[in-house]
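Please read the structure below before turning to the comments.
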Amino acid sequence: MTAPSFPMFVSVEDARHLLARLLPVKGEETVPLAAALGRTLAQDVAALVSHPSATESALDGIACREADTLAAPVTLRVVGESRAGQPFGAQVQAGECIRIYTGAPLCPGTDAICPVEQLEDVDAHHVRLLRPASRGDVRPEGGDFHAGEVVLKAGLPLTPSRLALVAALGHAEVKVKVRLSVALLSTGDEVVAPGTPLQPGQVYDSNSVGLSAMLQECGCEVVALGHAPDRPDALKAMLREAGGADLLLTSGGVSMGRYDFMRDLLVEHGEVEFWKIRMRPGGPAILGRWNGLPVFGLPGNPVSSLVVFQVIVKPALTGQPLRTLRLKAGTPFKALPDKTAFWRATVLNGEVYEYARQGSGVLRSLSDADALVSVPEGQAVQAGESVEALLL
Ligand code: AMP
Ligand code: MG
């Protein structure tokens, strides 16, 4: 056998980089916020208003001068009321207060709040404060953001809380990157769609569902090609069908088996960027091109395909680094020779524990796991040491 003309056993970082390099740079479009979940911001977003727009109360209670209340219990005269949307405009004098509600503006002369739980009505015009009023319960004008301030930077993916923030800044629409269009195909003679009875030797197609959901979370447009049997002609037809997409993502048929035709096709008739990544699970993945179309072939094992997506494909599609944190290991985590290991793990009380069953076919492990613990080649972790965890 002659040596292959493409790299084999690339590192996790190289795999990510080589995939990202094949993806096109997309243009920009403006979309309503309701259609922007998961999309990538194409420009900085500045606040059109300040928030809060005026100094306001964080609680229901009374607003007064802090200095009048330091010797609490004290009694103050109630001279008015400030409601959200209906402020009290006049000046409050020494010994006076106004009733105030959450989100309502303070009025001139007041600087502190006493919550309703610490008040007793003395009569219709006086309240008794059981504790001093606090400046901490005042939300200063612009405490969240000031008008004109750039609050979100281009390149960020729009999560639900970021979308809420864009709305609070005053925008009904955002400029985002045009979605990457990703064609998705599962392969395997034994693979069938759920919802039909299973014949002996068959398995339900979980990869199409999991990968499609992950692609949507990444803000991609999914072109669902369905499923192809292990036949070169059927796979070639699907490769043609995917031609208009920015990327074809396949699962199955890329390892060493006799019926792994996805790998054979790319090696013999396409161009291969790499085959095999130094990681487990997911080692046999392949990256190549078919008539210019980038093709990323994930392994068929359900855990392998979803883990390679999380670790390699997602950061390449979104341009965002993996979100990892260091946690204390509650159990030891083995290292693998020549590979980065991604162990499924559960997190409890700030410690991370290895999940008992690590087989690549045990999909429940991924559903139960909170994190993937990454252990670099040859750097085993003892219980009590810190590890890098990728939260799922
Ligand atoms: P392969 O990578 O094609 O050799 O497949 C490896 C294992 O993953 C086999 O046990 C397959 O039955 C299983 N498998 C392949 N594709 C899928 C899929 N789409 N959904 C669930 N399991 C799959
Ligand atoms: Mg297969």
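The values are calculated or read from the model by the stated rules, or taken from the named source; none is laboratory data. The structure presented is a predicted model; accordingly, all values stated were derived computationally and were not measured. Counting neighbours? That spans all protein chains shown, and the Cβs are built from the backbone with ideal geometry, glycine included. The accessibility values were calculated without ligands, DNA or RNA, using every heavy atom of the protein model including side chains. Shrake-Rupley method; radii C 1.70, N 1.55, O 1.52, S 1.80 Å.
Here are the numbers for the structure shown:
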item: Calculated FRET efficiency for the pair ALA35/SER161, C-beta based, R₀ 22 Å, to 0.05; result: 0.80
item: Residues with amide H under 5 Å from that of ALA84, placed H, sequence gap 5 or more; result: TYR101, ALA104
item: Unmatched cysteines, the chain - criterion: no other Cβ of a Cys under 4.7 angstrom; result: CYS107, CYS114, CYS218, CYS220
item: Amide hydrogen neighbours beyond the local backbone of LEU392, cut-off 5 Å, H modeled; result: ALA371, LEU372
item: Cross-link reach list, lysines versus LYS328, counting only Cα pairs under 23 Å and skipping chain neighbours closer than eight places; result: LYS339
item: Gain in span if fully extended, GLU385 to ARG326, counting 0.36 nm per residue against the direct Cα distance; result: 20.3 nm
item: The stretch 56-139: C-alpha gyration tensor shape, a/c 1.5 cut-off, then a/b vs b/c; result: rounded
item: For GLY148, net neighbour charge (Lys/Arg +1, Asp/Glu -1) across residues whose Cβ lies under 15 Å away; result: -4
item: Whole-number Å³ per residue for the convex hull built on Cα positions in the chain; result: 196 Å³
item: Karplus-derived 3J(HN,Hα), 6.51/-1.76/1.60, for each residue of the stretch 358-364, Hz, glycine and proline x; result: 10, x, 6, x, 8, 5, 4
item: Solvent-accessible area, 1.4 Å probe, carbon plus sulfur percent, for the stretch 56-139; result: 48 percent
item: Förster-model FRET efficiency, 25 Å R0, GLU149 and ARG128, C-beta, rounded to 0.05; result: 0.05
item: Burial order of peptide ranges 171-181, 80-90 (average beta-carbon count within 10 Å, highest first); result: 171-181, 80-90
item: Charge dipole (debye, nearest 20) of the chain; +1 at Cβ of Lys and Arg, -1 at Cβ of Asp and Glu; result: 840 debye
item: Estimated distance in nm for a label pair at LEU23 and ALA3, the labels positioned 7 Å out from Cα along Cα-to-Cβ; result: 3.2 nm
item: Hz values of 3J(HN,Hα) by residue in the stretch 189-202 - Karplus curve (6.51, -1.76, 1.60), Gly and Pro given as x; result: 4, 8, 8, 10, 5, x, x, 10, x, 8, 7, x, x, 8
item: Cut-off under 5 Å, modelled amide H: who pairs with ARG139 long-range; result: GLU56, SER57, ALA58
item: Spatially proximal lysines relative to LYS177 (Cα-Cα < 24 Å; intrachain offsets below 8 disregarded); result: LYS26, LYS153, LYS314
item: Kirkwood hydrodynamic radius of the stretch 324-391, Cα pairs, Å; result: 11.7 Å
item: The chain: relative contact order in percent, alpha carbon pairs under 8 Å with at least 6 residues between; result: 16 percent
item: Dimensionless Rg ratio for the stretch 82-220, taking C-alpha atoms and the 2.2 N^0.38 Å reference; result: 1.96
item: Inter-centroid distance (Cα atoms) of the stretch 148-206 relative to the stretch 282-311, Å; result: 17 Å
item: Summed side-chain charge close to VAL375 - residues other than VAL375 whose Cβ falls under 14 Å, Lys, Arg +1, Asp, Glu -1; result: +1
item: Radius 12 Å from Cβ of VAL223, net charge of other residues (Lys, Arg +1; Asp, Glu -1); result: -2
item: Percent carbon-and-sulfur accessible area, the stretch 324-391, ignoring ligands, DNA and RNA, probe 1.4 Å; result: 49 percent
item: Relative packing of 32-43, 336-347, which averages over residues the other C-beta atoms within 10 Å, highest first; result: 336-347, 32-43
item: Spatial separation of Cα centroids for the stretch 71-100 and the stretch 1-68, in angstrom; result: 42 Å
item: Pairwise FRET efficiency - ASP60 versus ARG289, Cβ, R0 = 56 Å, nearest 0.05; result: 0.35
item: Vicinal HN-Hα couplings computed from phi for the stretch 347-355 (Karplus, 6.51 cos²θ - 1.76 cosθ + 1.60; Hz; Gly/Pro x); result: 10, 9, 6, x, 10, 10, 10, 5, 6
